[in-house]
Amino acid sequence: MKIVALNESIEKTFWNHVNQDPLHYYFFIVDWQQRRDHTEILLAMEADKVEGMALLYADYIVQLRGDRNAVESLVKHVNLDQIELQAPMDCEDIILRKYRPLSPRSKRELVLMRLSKGGETLQFTEMPMRLGVEDAERVVRIMAEADREWWGELTSETQRKALETGFWLGVKEEGKLVSVGGTRFFDLVSNISTVATDEQYRNRGYATSIVSGLVQEIFKHSPTAIIHVMRDNGPAVKAYLKVGFEPYKHYLLMRAERIRT
């Protein structure tokens, strides 16, 4: 199996492959289109056929696609000491030969859920409002408290940029921002990147309202909405199912460090 870095000479092959399942390859497509300076994509090839792909973004994010043989070949070309990895569930043993989780909670199962326009069931207990850069500090605090393992290193400056470039909604109670969510719009499919609620204000339907509001806006731009959720996050899964999302793919998600021998 040959590993080839994506370049102009094989870009047509890349697009032919990812367009067969754009939800599965969402970040490959978006990062190659929007953030190419920070993106490297490797193709695992047998003759002229693509058997798998690796996305390496910002020297930290790694996503793997393909069968076990392709993933095993691609992992050999990942030379980063610390990574945030997404890979097929049946390839966990391959990954663990080279990388180990940073903590017990750093290895999770991630579910990609999808919703097509016309299949939504929007539900609002509160009407969410559009957020701006002035809300960055409070958004960061809500996200960090919701999941410190994954969002604890987020900064207000990073979040200001996200608020400037994306579409974010929030629910306020007595003037206090208590639930937030964000997305960015793309023609084919838009990903809801974040949904988080202050622990003291959960079980009031706020997350469902946020997701409903984001879906409503997404369908003005895209025919399909997607969202990624940890499988063990029951309340979040329940909220997304209420709005009409259905499970589509399952991945291994892991923050890990390279094993030194």
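Read-outs throughout are calculated quantities, based only on the coordinates presented, and are distinct from any laboratory measurement. All of these numbers come straight from a predicted model, not from anything done at the bench. Note that we place each Cβ from the backbone using ideal geometry, even for glycine, and neighbour counts take in every protein chain shown.
Report the longest stretch of the chain that contains none of the GluC sites (Glu not before Pro) sitting in a DSSP loop with at most 10 other Cβ atoms within 10 Å. By the stated rule (loop sites, at most 10 other Cβ atoms within 10 Å), 1-152. Summing Cβ point charges (Lys, Arg +1; Asp, Glu -1) relative to the Cα centre of the range 98-189 gives a dipole of roughly 500 debye. When the Cα positions of Met45, Gly182, Ile227 are compared along the charge dipole of the chain, Ile227 comes out farthest toward the positive end, with charges on each C-beta of Lys, Arg, Asp and Glu.
Its relative contact order, with pairs defined as Cα atoms under 8 Å and 6+ residues apart, puts the range 129-202 at 30 percent.
Taken about its Cα centre, the chain carries a charge dipole of about 320 debye when Lys and Arg each add +1 at the Cβ and Asp and Glu each add -1 at the Cβ. For the chain, a Gaussian network of Cα nodes joined below 10 Å ranks Ser156, Ser103, Ser73 by mean-square fluctuation, and the top entry is Ser103.
Using a simple spin-label model with pseudo-atoms 7 Å out from Cα toward Cβ, His250 and Lys76 lie 2.9 nm apart. Straight-line cross-link partners of Lys49 among the aspartates and glutamates, defined as a Cα under 15 Å from its Cα and at least 8 positions apart when in the same chain: Glu11, Asp67. Its relative contact order, with pairs defined as Cα atoms under 8 Å and 6+ residues apart, puts the range 27-84 at 26 percent. Each of Lys76, Lys98 has some number of other Cβ atoms within 10 Å of its Cβ, and from fewest to most they run Lys76, Lys98. The slack between Asn233 and Leu122, meaning 0.36 nm per residue of separation minus the straight C-alpha distance, is 37.9 nm. The residue among Thr13, Ile29, Ile94 whose Cα reaches farthest toward the positive pole of the charge dipole of the chain, with charges on the beta-carbon of Lys, Arg, Asp and Glu, is Ile94.
If I take every Cα pair under 8 Å that is 6 or more residues apart in the chain, average their sequence separation and divide by the length, what percent do I get for the relative contact order? Please report the intermediate quantities before stating the final value.
On the way: 493 pairs, mean separation 61.3, N = 261.
Computed over the chain, the figure is 23 percent.
Write out the trypsin sites (Lys or Arg not before Pro) in the range 214-261 meeting two conditions: DSSP loop, and at most 12 other Cβ atoms within 10 Å of their Cβ.
Values: sites: Lys220, Arg231, Lys238, Lys242, Lys249, Arg255, Arg258, Arg260; in loops: Lys220, Arg231, Arg260.
When the trypsin sites (Lys or Arg not before Pro) of the range 214-261 are filtered for loop state and at most 12 Cβ neighbours within 10 Å, Lys220, Arg260 remain.
On the principal axes of its alpha-carbon atoms, the chain has extents of 60, 41, 31 Å, going from largest to smallest. Summing charges over neighbours of Arg202, with a neighbour being any other residue whose Cβ is under 14 Å away from its Cβ, gives -4 when K and R count +1 and D and E count -1. Multiplying the residue separation of Glu153 and Asn203 by 0.36 nm and subtracting their alpha-carbon distance yields 15.4 nm.
Estimated purely from DSSP H runs of n ≥ 4, each contributing -39500 (n - 2.57), the mean residue ellipticity at 222 nm for the chain is -8500 deg cm²/dmol once divided by its residues. Full extension of the segment from Asp48 to Lys172, taken as 0.36 nm per residue of separation minus the current Cα-Cα distance, would add 39.3 nm.
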